[in-house]
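This report refers to the structure that appears directly beneath it.
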Amino acid sequence: MNKPAYQLVIPAVYRQTHYVTNGHLKRIALFASGSGSNAEKIATHFAESTSVEVSLVLTNNLKAGVIDRARQGFSSGLHVPVLLFDRPAFYDTDRITRLLQQQRIDLIVLAGFMWLVPTSLVRAFPNQIINIHPALLPKFGGKGMYGHYVHEAVVAAGETESGITIHYVNEQYDEGQIIFQASCPVLPTDTPNDVAHRIQALEHRHYPRIIANLLAAY
Ligand code: GRF
């Protein structure tokens, strides 16, 4: 039997979707393959919202921390279905794109998702896919520049500041139009870990807020 292209690791359960009388409920799909701390902040930010909901979490990594976070209701009692998919499903079929369209997703938010988004998905959701990068792009971006590699490179280069970049996603790594940046100092005594902590605080402070601003304009 063929392996399923994707599977729900946390099924859709009945979810008390807020009833919106005027206007349409905006739906976010979160792609996350790491610890999921940004996904958690975003889900929590919108937990009580009557106009925005995190409708779906997608991951390519069965060991991703985001799965456990979702299982625990993102500390807010939220039941968000989690979809696990593999490379063939993502790159060789349009099943993920079709699913996102069927689910009437308004904004795709990458939060620690490492794979390059295929052209077909970028084209199906023009200016509706965003990412957060833990440096001040265009510096320290591109293939292989993720996680601690970014902060190691920043410290090795003797930078005096780093920061975060929230940007639209196109067919190249970290090259889409920049939406927002925030910076923080890098001290001469900083280790990559010190920088990582400062950056993570910036991400958690700004990503949910910028998403809310973007959706408000939809
Ligand atoms: C963040 O540093 C983000 O900038 C990058 O991946 C990391 C994800 O962290 N794209 P987490 O899984 O949200 O904790």
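The alpha carbon radius of gyration of region 74-130, expressed as a multiple of 2.2 N^0.38 Å, is 1.20.
Per residue, the average separation of C-alpha pairs within less than 8 Å and at least 6 apart gives the chain a relative contact order of 19 percent.
Qualifying trypsin sites (Lys or Arg not before Pro) in region 102-151, where qualification requires a DSSP coil assignment and no more than 12 other C-beta atoms within 10 Å, comprise ARG104, LYS143.
When LYS26, LYS41 are sorted by how many other C-beta atoms sit within 10 angstrom of their C-beta, beginning with the fewest, the order is LYS41, LYS26. Note on region 39-64 and region 173-204: Cα centroid distance 22 Å, given to the nearest whole angstrom. Shape summary: the chain maps onto an equivalent ellipsoid whose semi-axes, from the alpha-carbon gyration tensor, are 29, 20, 17 Å in decreasing order. Taking max minus min of the alpha-carbon positions on each principal axis, region 92-218 gives extents of 50, 32, 19 Å, largest first.
Quick note: the coordinates plus some simple rules give every number you see, no bench work behind them. These numbers come from a predicted model, not from an experiment. Ideal geometry is used to build each Cβ from the backbone, glycine not excepted, and the neighbour counts take in all protein chains shown.
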